[in-house]
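The values are calculated or read from the model by the stated rules, or taken from the named source; none is laboratory data. Just so it is clear, the model here is predicted, and its values are computed rather than measured. Positions of Cβ are backbone-derived with ideal geometry, glycine not excepted, and every protein chain shown enters the neighbour counts. Ligands, DNA and RNA are excluded from the accessible area calculation, which covers all protein heavy atoms including side chains. Shrake-Rupley method; radii C 1.70, N 1.55, O 1.52, S 1.80 Å.
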Amino acid sequence: MEQPLNLMTPEVRANPYPLYAELRQLPPCQVEPGGMWAVSRYEDVVAVLKDPRRFSSAGLGRSFLPPWLERNPTAHSLVMKDPPEHTRLRGMLSRTFGPAALSRLEPRIRAIAEQLAESLVRRQEVDFVADFALPLPARVLNLFYGLEPSMALHLKRWADDLVSIPASQPTPQRIAEVRHSLAEMERCFTALIEERRATPGEDLVSELIRVEGITQEEILSFLFGLLPAGVETTVYLLANTMFILSTHPRELERVLANRALIPRLIEEVLRYDPPGQSSLRLTTEDVALSGVTIPRGSLVVALMGAAMRDERQFPDAERFSLDREGQSNLSFGHGPHFCLGAMLARLEARLGLEALFSRLRGFSLSPGEVRWSHSIIARGPLALPMRVEPAEH
Ligand code: HEM
């Protein structure tokens, strides 16, 4: 009997696109790990994401609350809910991500980006992930929360610990570490909410407190949920951009010569090698999709990374090109759970790359194999050692 296709082998994580091409030849089918149902064609991925009644997100939170944890507010965050509760909560929360909040943050994000870019070109031998791609979103999220700058380092550790919960078969030491992180997060966010109740400011938490009808637990779950949603994804967007440019010298030359191309570059990276590769859902009934019946209660992985290489939607899909025009991108999801932070992520990436490219003549990756994240959801390099050449001024 043929082995089922496996999404989690090291070769596939290093480059999932050949397997995605194979999957697109098939209707939805069961794959490893765990016999989940893989959906890979553009049309099918859209059908899954826009139908929360039959492809539910409620229930996914259980993986964030394994038997060895008594409490984890992430398990009840926005992305783990279905309508009508999701609709109600999202309506209350979405304003905090609106254009007003972003224009307030923009000059401060630019200042962070310029500081990081300046230090990068001064040092020249760097790890792009540790020295730029990670500190930028960690410091921005810190700012967004309204925490002290020194907290940015904790945010990354907390985000990593949260992301590790569903996948792990933890040792007693790991359990203790994760519990410790969760307790630290809860203390920190609870204190922050108290402070802002006493002295409101112009930050996210003050905005959340002002929302009519929101509960303390909903605010906490939201603050917890932003960590896995908002750090790793943006790190990988920046890192994937540099990785792709390292193998596309003509495109690198074009963007360095013309920084107005940066928004196009970001959109094409989001399509060609998206940091958010997939979204998970659970079927609430037997569902027919492309002629196949997925049974009720199945775990479905909607592979946006595969859908965005679908020739039926993106001609010449396997080619990275800065000249694509207005094709709709699934990188931030689709339908009711469309990423709340999409505008913020695009803004961070644009300001980060503008600050960097204005100081850069070129760069080259250090020799050696790149290690990739071991996840079907978030894709990017764990480290990207490189030598940067500063621009001559
Ligand atoms: C390049 C960076 C990012 C990518 C690729 C990304 C991707 C996604 C995707 C694919 C979803 C949908 C998940 C699903 O359908 O189950 C999502 C949801 C979400 N994202 Fe992002 N995201 C990014 C950055 C951010 C940032 C910076 C924030 C906030 C600080 C954020 C906050 C959220 C939230 C709150 C949701 C849940 C929305 C809902 O369930 O209604 N994201 N994101």
Which listed residue is open to solvent by 70 Å² or more (accessible area, probe 1.4 Å) and touching a residue at least 12 places away in the same chain (Cβ under 8 Å), from R346, R324: R346
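Among the candidates E217, E194, E202, single out the residue that is open to solvent by 40 Å² or more (accessible area, probe 1.4 Å) and assigned to a loop (DSSP other than H, G, I, E, B). Walk me through how you get there before you give the answer.
Values: E217 fails: assigned to a loop (DSSP other than H, G, I, E, B); E194 fails: assigned to a loop (DSSP other than H, G, I, E, B).
Residue meeting the stated conditions: E202.
Given the structure, is R139 touching a residue at least 40 places away in the same chain (Cβ under 8 Å) and among the basic types (K, R)?
Against the criterion (touching a residue at least 40 places away in the same chain (Cβ under 8 Å) and among the basic types (K, R)), R139 does not qualify.
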Selected residue (criterion: modelled with the highest pLDDT) from residues of region 135-191 that are aromatic (F, W, Y) and either within 14 Å of the ligand (Cβ to nearest atom) or not in a helix (DSSP H, G or I) (or both): W158
Answer yes or no as to whether F97 is modelled with pLDDT under 95, crowded, with 20+ Cβ neighbours inside 10 Å and over 24 Å from P295 (Cβ atoms). no
I need every pair where a residue in region 228-248 that is assigned to a loop (DSSP other than H, G, I, E, B) and more than 10 Å from the ligand (Cβ to nearest atom) has its Cβ under 6 Å from the Cβ of a residue that is open to solvent by less than 10 Å² (accessible area, probe 1.4 Å) and at pLDDT 95 or above, sequence separation at least 6 or different chains. H248/F320
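Please verify whether region 253-261 includes one or more residues that are touching a residue at least 12 places away in the same chain (Cβ under 8 Å), at positive phi and away from the ligand (no atom under 16 Å from the Cβ).
To start, the set of residues in region 253-261 that are touching a residue at least 12 places away in the same chain (Cβ under 8 Å) comprises 254-256, 259, 261.
Still in the running and at positive phi: none.
Within region 253-261, none of the residues are touching a residue at least 12 places away in the same chain (Cβ under 8 Å), at positive phi and away from the ligand (no atom under 16 Å from the Cβ).
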Tell me which residues, restricted to region 315-342, are more than 25 Å from E389 (Cα to Cα) and more than 9 Å from the ligand (Cβ to nearest atom). P315, D316, A317, E318, R319, D323, R324, E325, G326, Q327, S328, N329
Near pairs, Cβ below 9 angstrom, 6+ apart or cross-chain, from region 52-71 (over 20 Å from P228 (Cβ atoms)) to any residue that is more than 13 Å from the ligand (Cβ to nearest atom) and open to solvent by 40 Å² or more (accessible area, probe 1.4 Å): R53/T284; R53/E285; R54/T284; R54/E285; F55/T284
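State all residues of region 205-214 that are more than 14 Å from the ligand (Cβ to nearest atom), assigned to a helix (DSSP H, G or I) and touching a residue at least 40 places away in the same chain (Cβ under 8 Å); if no residue qualifies, say none.
As a first pass, look at region 205-214 and keep what is more than 14 Å from the ligand (Cβ to nearest atom): 206, 209-214.
Still in the list and also assigned to a helix (DSSP H, G or I): 206, 209-210.
If the condition is that a residue be more than 14 Å from the ligand (Cβ to nearest atom), assigned to a helix (DSSP H, G or I) and touching a residue at least 40 places away in the same chain (Cβ under 8 Å), then S206 is the only one that fits.
Here is a list: R41, R62. Which entry is among the basic types (K, R), touching a helix residue (DSSP H, G or I) at 6+ places or on another chain (Cβ under 9 Å) and surrounded by 17 or more Cβ atoms within 10 Å (Cβ to Cβ)?
Of R41, R62, the one residue that is among the basic types (K, R), touching a helix residue (DSSP H, G or I) at 6+ places or on another chain (Cβ under 9 Å) and surrounded by 17 or more Cβ atoms within 10 Å (Cβ to Cβ) is R41.
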